[in-house]
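The values are calculated or read from the model by the stated rules, or taken from the named source; none is laboratory data. If you're wondering where the values come from, they're calculated on a predicted model, not measured in any experiment. No Cβ is skipped: glycine too gets one built from the backbone with ideal geometry, and neighbour counts run over all protein chains shown. We work out accessible area using only protein heavy atoms, side chains counted, and drop any ligands, DNA or RNA first. Shrake-Rupley method; radii C 1.70, N 1.55, O 1.52, S 1.80 Å.
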Amino acid sequence: RRALERERAQERDFEFLQRAQFVSLVLPPILAFALWPMIADAMAIFFNGQNAAQPVDGNLFAVQLLRPTVNGVVLPTLSVALGTLLATTINVLRNRQVDIRAALNKEACELRLLRAALLGAYGTAQHAGRRAEALDLVRAYSARIVAESSPGAFEAIRREERAGGVGVNELEPLGR
């Protein structure tokens, strides 16, 4: 029951983090778009000073001077650089996801092989107690893998590290 409550709490925390990330990524650009005139005026006052003289032409000369540079060099350069960074980031994250999935699939396959080996080694009726004990150890190890793969696993592992239990593996008694 505690595990179910803990899992629900972890799911709520994970959903909250997802919402917070969404808000932190979407809200600033929307606010910047909506409040752009006020932001531009505030930045002009900040950089030029409050008592600075205003240009007679309404800053038209500066705009005409900088527009070709910005449109011709700066924007394409920034778009290529940011596009490259975005593509690289997505590629790295996807490769990590594939590697993690491959590792989990390999672990699941090895657990299936271990289960088959245990059933072969302790398959007779006289070894029923040992078989049940060994399969319970495999079940506990599988539960640990699921717990380590779920949201909030980092905090749980950190708590176990502090308690001194991370180095202990559920399958160690099988080797004895």
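See the values below:
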read-out	value
Some residue of the stretch 40-47 being modelled with pLDDT of 80 or more, over 30 Å from Ala153 (Cα atoms) and part of a helix (DSSP H, G or I)	yes
Residues of the stretch 118-133 satisfying the condition of being assigned to a helix (DSSP H, G or I), over 26 Å from Glu148 (Cα atoms), open to solvent by less than 60 Å² (accessible area, probe 1.4 Å) and in contact with a helix residue (DSSP H, G or I) (Cβ under 9 Å, 6 or more places away or on another chain)	His127
Filter result (of a type outside the set (A, V, I, L, M, F, W, C) and either open to solvent by less than 90 Å² (accessible area, probe 1.4 Å) or not in a helix (DSSP H, G or I) (or both)) within the stretch 72-98	Gly72, Pro76, Thr77, Ser79, Gly83, Thr84, Thr88, Thr89, Asn91, Asn95
Residue within the stretch 99-117 that is assigned to a helix (DSSP H, G or I), closer than 22 Å to Glu5 by Cβ and either among the charged types (D, E, K, R) or open to solvent by 60 Å² or more (accessible area, probe 1.4 Å) (or both) present	no
Ser142 being hydroxyl-bearing (Ser, Thr, Tyr) and assigned to a loop (DSSP other than H, G, I, E, B)	no
Glu133 being within 23 Å of the chain's Cα centre (by Cα) and of a type in the set (Asp, Glu)	no
Residue match in the stretch 65-72 (condition: out of contact with any Gly (no Cβ under 7 Å at 6 or more places or on another chain), at negative phi, modelled with pLDDT of 80 or more and of a type in the set (D, E, K, R))	no
The stretch 145-156, residues that are in a helix (DSSP H, G or I) and either surrounded by fewer than 13 Cβ atoms within 10 Å (Cβ to Cβ) or free of Cβ contacts under 8 Å to residues at least 40 places away in the same chain (or both)	Val146, Ala147, Glu148, Ala153, Phe154, Glu155, Ala156
